[in-house]
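**Student:** Dumping the structure here so I can ask a few things about it.
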Amino acid sequence: MTTGDPSADRLLVQGGRSVRGVVRVPGDKSVSHRALLLAALAEGTSVVHGLSTGQDVAHTRAAMAAMGVRFDGEQITGGDLHEPGQVIDVGNSGTGIRLLAGWCAARPWLTILQGDASIARRPMDRVVEPLTRMGAAIDGRVGGRFPPLVVRGGQLRGIDYELPVASAQVKGAVLLAGVGADGETIVRERAPSRVHTEELLALAGADIEVMPDPDQGGRVVRVRRSRLTPFTLDVPCDPSQAAFWIVAACIAPDSDVTLERVYVGPARAAFLAVLQRMGADIEVTDRGVNTADIRARTSALRATSVGGEEVPGLIDEIPVLAVAAAVAEGTTTFRDAGELRVKESDRVTTTVAMLHALGVSAEPRPDGLAVRGGGAGSLRGGQVDSHGDHRIAMSAAIAALGATGETAIDGWGAVATSYPGFEEELQRCAS
Ligand code: S3P
């Protein structure tokens, strides 16, 4: 039995369970934020089906409503925008605040963006710096480094910008500003990051071009000021949420799970390749452009090394990949992943703490972690703190299924930021 106790903000999970069935995870969170922001800019009504059901996306939707966007079921009517009459609350969403900073920078008004205690610790200079260069006036705490952010938007000018960190949020913020700026905006990235802003700008009719970068071996994105047109979109399912079930199927005994309609486009599905080189029994069946059904079954896993250019494409999956590593044979290392330290929690520290609580030997590294796998059946139940981080909470729940005894996860409420139905799905699929 799995029993949640909402008043105690705690989930109890009994171990030694198998996971079986067909699972449809929520619509992709990254796509959902961008679909809202772009439907808002298009003059007319867009139709968007299957948005993420999490609180993060609900905050971006409320932000759009506060600036004049009208919602009617799946219809989103944009174009007739105005200055918000209140401070915009992004909740726990780093993607929300950074994309909104870019979006608001090109609007001729003042926007104040704030979020929860975790957001107040997330670095914002990475978007403040390029947006200031484009002509926006943006400030925040500690010299513009942390939220709240105060954005005085207006007519911007395009820039030629090389991303100092591999970040789709920063790329997205600059492109969202760039589509309203004078001239041409160029973003150069060395390590490929997720391409949802580019894909959706193209869908909304923007003048955008993506090319390989002959000098750096990365990619160059160019956007010019464009009038956006309404679009129709069926949001694919979120691979970062699918990853929890795929690892669950791999590590829990006698398990077999199929995930439907998962987005597997650029820089999102790199975790599948990692699991496959660990020996995971995974089958991927194409279901259209950049979407696939994924079937995973109980597997004997072996250690691997994760690092370099694959990291931006699996950064959100490292906590749950670390759970897979915990039951693999040998030591798995995660390198070049210093960005983990500035996510919803310091995920180097919180992932290592979660593993320790479940009897796993793991050590933090400045840019990642090392996990000493104990082989199948080596996890034991314990008490885990999510530290308010949805991905730590869900990774711990998956580890707990494959553990002996009972696991208590404190701070379970954080899961609602991205996947409110996760616990019900766990009840349904685990036996
Ligand atoms: C996201 C980009 C990534 C990722 C986050 C979602 C996005 O962050 O970790 O969960 O939707 O652009 P960074 O851009 O900071 O790498």
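**Student:** Mind computing the radius of gyration and Dmax over the alpha-carbon atoms of segment 29-234? Å is fine for both.
**Tutor:** 15.5, 47
**Student:** Excluding Asp80 itself, what net charge comes from residues whose Cβ is under 10 Å from its Cβ, given Lys and Arg +1 and Asp and Glu -1?
**Tutor:** Here the charged neighbours net out to 0.
**Student:** Moving on to the next point. So how tilted is helix 94-105 from the main axis of the chain? Cα-based, degrees 0 to 90, rounded to 10.
**Tutor:** Approximately 10 degrees, to the nearest ten.
**Student:** Now, a different point. Report the accessible area of Val311, computed with a 1.4 Å probe over the heavy atoms of all protein chains in place, in Å² rounded to the nearest 10.
**Tutor:** In the full protein context, Val311 sits at about 10 Å².
**Student:** Thr285 versus Ser226, label points 7 Å from Cα toward the beta carbon: distance in nm?
**Tutor:** 3.5
**Student:** Oh, and also: Can you tell me the order of 382-395, 107-120 when each peptide is scored by its average per-residue count of other Cβ atoms within 10 angstrom, highest first?
**Tutor:** 382-395, 107-120
**Student:** Which of Ala66, Ala414, Ala252 moves most in a GNM of the chain, Cα contacts under 10 Å?
**Tutor:** Greatest mean-square fluctuation among the candidates belongs to Ala66.
**Student:** Largest first, how would Arg133, Arg126, Arg302 line up by accessible area (1.4 Å probe)?
**Tutor:** Working: Arg133 105, Arg126 35, Arg302 130 Å².
Ranking Arg133, Arg126, Arg302 by accessible area, largest first, yields Arg302, Arg133, Arg126.
**Student:** Taking amide hydrogens as modeled 1.01 Å from N in the peptide plane, which residues meet the under 5 Å criterion relative to Ser18, leaving out close sequence neighbours?
**Tutor:** When sequence neighbours closer than 5 places are left aside, the close amide H contacts are Ser431.
**Student:** Ranked highest first by the average count of other Cβ atoms within 10 Å around their residues, in what order do 277-284, 321-328 fall?
**Tutor:** 321-328, 277-284
**Student:** Return the whole-Å distance between the Cα centroid of segment 34-91 and the Cα centroid of segment 382-424.
**Tutor:** Each part's Cα centre sits 30 Å from the other's.
**Student:** State whether segment 120-181 is rounded, prolate or oblate according to the following rule on the C-alpha gyration tensor (a ≥ b ≥ c being the square roots of its eigenvalues): a/c under 1.5 gives rounded; otherwise a/b larger than b/c gives prolate, and the remaining case gives oblate.
**Tutor:** Oblate shape, in that a/c is at least 1.5 and b/c is the bigger or equal ratio.
**Student:** Could you work out how much longer the chain between Gln86 and Glu74 gets when fully extended? Use 0.36 nm per residue separation minus the Cα distance between them, nm to one decimal.
**Tutor:** Details: separation 12, 0.36 × 12 = 4.32 nm, distance 2.51 nm.
Computed gain between Gln86 and Glu74 is 1.8 nm.
**Student:** Oh, and also: Taking every DSSP beta bridge with both residues inside segment 1-120, roughly what % is antiparallel (nearest 5)?
**Tutor:** 85
**Student:** Right, something else. Which number do you get for Rg(Cα) / (2.2 N^0.38 Å) in segment 385-431?
**Tutor:** Its radius of gyration relative to the 2.2 N^0.38 Å reference: 1.08.
**Student:** Hey, what do the phi angles of segment 58-74 turn into as Karplus ³J(HN,Hα) couplings, whole Hz, using 6.51/-1.76/1.60 and θ = phi - 60°, x for Gly and Pro?
**Tutor:** 4, 5, 5, 4, 5, 4, 5, 4, 5, 10, x, 6, 10, 10, 9, x, 8
**Student:** What's the Cα-based Rg to Rh of the chain, Rh via Kirkwood?
**Tutor:** My calculation puts Rg/Rh at 0.97.
**Student:** Could you give the length gained by full extension between Met211 and Gln383, i.e. 0.36 nm per residue of separation minus their alpha carbon distance, to one decimal place?
**Tutor:** Full-extension gain reported as 57.1 nm.
**Student:** In nm, to one decimal, how far is the modelled label at Arg141 from the one at Glu406, with both set 7 Å along Cα→Cβ?
**Tutor:** 3.8
**Student:** Which of rounded, prolate or oblate describes segment 1-147 when judged by the alpha-carbon gyration tensor and an a/c cut-off of 1.5? The partial results should precede the final answer.
**Tutor:** Numbers: a/c = 2.44, a/b = 1.46, b/c = 1.68.
Judged from the Cα gyration tensor, segment 1-147 comes out oblate (a/c at least 1.5, b/c at or above a/b).
The values are calculated or read from the model by the stated rules, or taken from the named source; none is laboratory data. Here the structure is a predicted model, which means the values were calculated and not measured. Positions of Cβ are generated from backbone atoms using ideal geometry, with glycine treated the same way; all protein chains shown enter the neighbour counts. The area values use the complete protein model at the heavy-atom level, side chains included, leaving out ligands, DNA and RNA. Shrake-Rupley method; radii C 1.70, N 1.55, O 1.52, S 1.80 Å.
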